Amino acid sequence: MTTHGDSATRSGAPAVAARTGPATGDDPPATSADGLPAALAGLRAAIEAARFPLALPSAEPARRTAAGLTDQLDDYVLPRLARLDAPLLVVVGGSTGAGKSTLVNSLVQARVSAAGVLRPTTRSPVLVCNPADSAWFRQGELLPGLTRTNEPSDEPGTLHLVTAPALPAGLAFLDAPDIDSVVDANRALAGQLLAAADLWLFVTTAARYADAVPWELLRTARARGTAIAMVLDRVPPEAADEIAGHLSEMLAAQDLGAAPLFVLPETWVDGQGLLPDKVTAPLSAWFARLAADAEARSAVVRQTLDGAIAALHPTVDALGDAADEQVAAADALDERVRAAYRGAERTVDQGLRDGRLLRGEVLARWQEFIGTGEFFRTLEARIGRLRDRLVAAVTGRPAPAAELKNAIESQLVTLLRGVAAEAAENAYTGWKAHPAGAALLAPELAHASADFAERAERLVRDWQRGVLELVRAEGGDRRFVARTAAYAVNATGLAVMIAVFASTAFIPTGLEVATGAGTTVAAQAVLQAIFGDQAVRNLATKARVDLLDRVNTLLAEEADRFLARTGAARPDAGAGDALRRAAVEVEKARHRSGLSDPDGPVLPAADQGGGR
């Protein structure tokens with residue numbers, strides 16, 4: 001049979017005023033920490049909102065930290081804060097084969113947890129309590145993500161609940177999986193359960209007390225202010241003093257010298273797999289005193305709870321730094337893309353200024369269009385004759401105009417394809433050199449879009465039509481356009497396009513002997529003959545601006561292939577600050593809550609004869 005707690009999922013914080021178990025007139029308030037539950041709920045929301053999607057070295061540790069913080073808030077801090085008077089939960093943890101299950105069985109005088117030589121032995125964790133306390137644990141406010149069961153289970157995410165009348169009311173033991181289990185899920189669950197403990201009972205052996213893994217967890221417990229007691233199990237009697245003394249020195253060196261230490265000698269187990277009463281008597285008596293002393297239990301709970309809440313602040317600060325790194329990485333990746341495409345925009349702008357587009361096919365078609373030799377010979381002639389020459393050339397020879405238009409389109413498209421390919425390569429290379437960028441790349445990003453050439457051709461054709469519309473608008477009240485109709489507009493538009501292709505088009509110096517420069521001077525002369533000097537400048541400027549605007553839009557669309565990827569992964573820019581603000585609010589509320597650590601150790605000393 002399987003039962004579920006009322007809070008079987010991590011859907012949020014438990015109600016602050018929630019109460020479980022029997023209520024009496026002597027019960028303390030649900031919490032004496034006014035304002036702290038709300039501050040913790042706000043912190044939980046900030047942690048849940050923080051995202052670490054970019055592949056940075058800090059990302060996976062941050063995700064684990066965020067998950068661990070959320071688990072601890074849901075599993076322990078919030079429900080425990082809502083019920084400070086709930087039974088004291090002792091989580092029994094330790095290394096593989098340390099004898100945790102045998103010890104729990106012996107302390108409750110019943111075989112409640114499976115023990116054996118095969119590892120890992122403990123399947124679902126076992127929580128054993130007095131029957132009077134079972135309602136609190138079965139309702140599932142502590143460890144709400146674990147499904148309660150009445151029998152052992154191999155299913156992950158289950159908690160086996162057992163009652164034992166021999167265990168005093170007000171005290172519960174939770175037999176956790178091995179902290180160094182070969183099964184990853186067991187190790188993770190052990191850590192989760194230890195984070196939900198009011199008291200950690202660490203069990204180690206004479207052979208393994210110096211292992212690294214337990215000490216790492218003990219240091220974590222110390223940092224959280226968790227109450228700790230130690231059991232040194234299976235100690236040869238002849239070496240008991242020496243081993244216990246060494247372990248005591250190690251505990252003192254880690255600032256854990258106040259932790260009670262119980263030394264259990266090597267011995268036999270009875271037919272039920274229980275240790276002799278005389279071996280466990282000191283530890284049983286110690287727990288009996290703790291269970292009978294409500295004030296002592298309350299002190300343990302408050303110390304551990306206060307320590308857990310105090311430890312949130314530096315951990316959340318580090319999480320905020322990791323969130324800031326995510327934002328900074330996204331900004332850096334975006335900047336590498338934008339820099340690559342800004343370079344492409346500059347190359348196009350320079351290409352319109354340095355005359356490179358006036359070479360080759362465009363130059364040949366332009367010279368053919370205006371009749372190069374005769375045009376240059378009459379360049380100094382009267383304006384009227386020049387205009388008439390242009391009109392006659394256009395009206396009599398339409399084919400060269402089309403060829404020139406096509407040559408301009410081809411030259412521009414070639415330039416655009418080149419800069420787009422270079423920009424894509426530069427952006428791709430920039431991302432590949434960044435760990436977060438490399439994880440976002442796809443092979444197609446190394447090149448311009450598959451349809452880029454088609455879009456570039458459409459852009460140039462649209463721009464050419466725009467130039468013709470500009471000529472019509474600028475020359476609408478001039479007899480030239482009215483008299484020569486479409487041919488004049490087309491010819492003038494082509495001259496404007498040629499003039500756009502060089503910054504020197506409107507500042508001839510007389511020293512320009514290069515073919516391209518001479519060509520643009522010719523275009524200037526044609527346009528001045530029709531419109532006048534200032535109108536020419538306006539036409540070319542507007543046409544150039546229009547072309548660059550269209551090009552920049554096209555290149556921005558190419559850049560968006562990259563930017564969309566960082567946009568989808570980009571965390572909230574304010575996540576780091578939100579985390580830090582929430583942590584500060586929790587710390588303020590903690591200081592007002594009255595949960596502060598008492599002076600001196602809260603646990604009773606270990607009984608002489610069974611411990612130090």
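The values are calculated or read from the model by the stated rules, or taken from the named source; none is laboratory data. Every value quoted in this text rests on a predicted model; they were computed, and no experiment measured them. FYI the Cβ positions are ideal-geometry reconstructions off the backbone, even for glycines, and counts take in every protein chain you see. Ligands, DNA and RNA are stripped out before the accessible areas are found, and what is left, the full protein with its side chains, is counted by its heavy atoms. Shrake-Rupley method; radii C 1.70, N 1.55, O 1.52, S 1.80 Å.
Points worth noting:
- Residue within segment 529-538 that is open to solvent by 60 Å² or more (accessible area, probe 1.4 Å), of a type in the set (D, E, K, R), modelled with pLDDT of 90 or more and assigned to a helix (DSSP H, G or I) present: no
- Taking the conditions (1) touching a Gly at 6+ places or on another chain (Cβ under 8 Å); (2) under 30 Å from R208 (Cα atoms) in turn, L171 satisfies each one other than (1).
- Residue selected from segment 548-574 under the condition at pLDDT 95 or above and among the small types (G, A, S), by the criterion least open to solvent (accessible area, probe 1.4 Å): A559
- Any hit, segment 218-228, residues being farther than 26 Å from A86 by Cα and open to solvent by 70 Å² or more (accessible area, probe 1.4 Å): yes
- Among the candidates A291, A299, residue that is in contact with a Pro (Cβ under 6 Å, 6 or more places away or on another chain), crowded, with 16+ Cβ neighbours inside 10 Å and under 24 Å from S101 (Cα atoms): A291
- Here A344 clears all of (1) touching a Leu at 6+ places or on another chain (Cβ under 7 Å); (2) open to solvent by 60 Å² or more (accessible area, probe 1.4 Å) except the condition numbered (2).
- Unmet criterion (only one of (1) modelled with pLDDT under 95; (2) surrounded by fewer than 18 Cβ atoms within 10 Å (Cβ to Cβ)) for W366: (2)
- Taken over segment 174-206, the residue count meeting the criterion of being in a loop (DSSP other than H, G, I, E, B), touching a Ser or Thr at 6+ places or on another chain (Cβ under 7 Å) and closer than 23 Å to V263 by Cβ is 4.
- Counting only helices (runs of 4 or more DSSP H) that sit wholly inside segment 210-313, those with at least 3 residues that are within 30 Å of P79 (Cβ to Cβ) and either modelled with pLDDT of 90 or more or polar (S, T, N, Q) (or both) are 277-292, 294-310.
- Residue within segment 304-322 that is open to solvent by less than 10 Å² (accessible area, probe 1.4 Å) and in contact with a strand residue (DSSP E or B) (Cβ under 6 Å, 6 or more places away or on another chain) present: yes
- Odd one out for A82 among (1) under 30 Å from V235 (Cα atoms); (2) touching a residue at least 40 places away in the same chain (Cβ under 8 Å): (1)
- Selection status of A197, modelled with pLDDT of 90 or more, surrounded by 19 or more Cβ atoms within 10 Å (Cβ to Cβ) and among the hydrophobic types (A, V, I, L, M, F, W, C): yes
- Residue in segment 443-465 that is surrounded by the fewest Cβ atoms within 10 Å (Cβ to Cβ), counting only those that are more than 13 Å from L554 (Cα to Cα) and either basic (K, R) or modelled with pLDDT under 95 (or both): R465
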